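Worksheet: one structure, shown below.
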Amino acid sequence: MKKLDLLHKLITLIFVVNIIFIALMPGFVLIHFVSPDMVPDNVKINIHESIIHNAVSILRFMGYLLAVLGLYLFRKVLGLFQRRRIFDNEVIKLLKQIGQCVVAGVLLSAVPPFIYDLVVEQKFGFKDSDLGVLINLCIGLFFIVLSEVFKMAKAIKEENDLTL
């Protein structure tokens, strides 16, 4: 159980840091409009970019929000595990939702920039970060498969409980 507690604390820390970042994001946008010189260069938003580029950025941010939602759901699953609710319907539902959030987040974060590069920039190629995209996609699919495995295990457990 110590490892589960450690994992729960680490996921909580990562979640809180991401929530703080999300809470500060509107402030960065507002500061950029009011006084662009105050915004660090690596956080600057170019308002004069094309509408398509801004739409791609918004979709990527939405993908990030879905990933943070997946972290929140994962925290809930870990909390249920700590209460020894393993093959519970809520755990099965949450595992599936985590997978769906991760897959949708990956697709929102990776596909629009790829299409933008292909159509607008007329560039086709893969970046080093594309491996991370594939790994995250696999993690999302793993959670969906894990929910199905838990569903089958729950059915087997209930069947075994009836025979005793």
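Structure notes:
- Only a single criterion out of (1) farther than 21 Å from LEU134 by Cβ; (2) modelled with pLDDT of 95 or more; (3) β-branched (Val, Ile, Thr) is not satisfied by VAL103, namely (1).
- Verdict on PHE15 being in a helix (DSSP H, G or I), aromatic (Phe, Trp, Tyr) and modelled with pLDDT under 80: no
- Sole exception among (1) part of a helix (DSSP H, G or I); (2) at pLDDT below 90; (3) among the charged types (D, E, K, R) for ARG75, by number: (2)
- Within segment 46-72, considering residues that are assigned to a helix (DSSP H, G or I) and more than 20 Å from GLY140 (Cα to Cα), the one modelled with the highest pLDDT: ILE58
- Restricting VAL103, VAL111 to residues that are under 19 Å from the mean Cα position of the chain (by Cα), in a helix (DSSP H, G or I) and surrounded by 16 or more Cβ atoms within 10 Å (Cβ to Cβ) narrows the list to VAL103.
- Taken over segment 1-12, the criterion of being in contact (Cβ under 8 Å) with a residue 60 or more places away in the chain and either under 16 Å from the mean Cα position of the chain (by Cα) or assigned to a helix (DSSP H, G or I) (or both) is satisfied by LEU4, ASP5, LEU7, HIS8, ILE11, THR12.
The values are calculated or read from the model by the stated rules, or taken from the named source; none is laboratory data. From a predicted model like this one, the values you see are computed outputs, not experimental measurements. For neighbour counting, all protein chains shown are included, and Cβ atoms are generated from backbone atoms with ideal geometry for every residue, glycine included.
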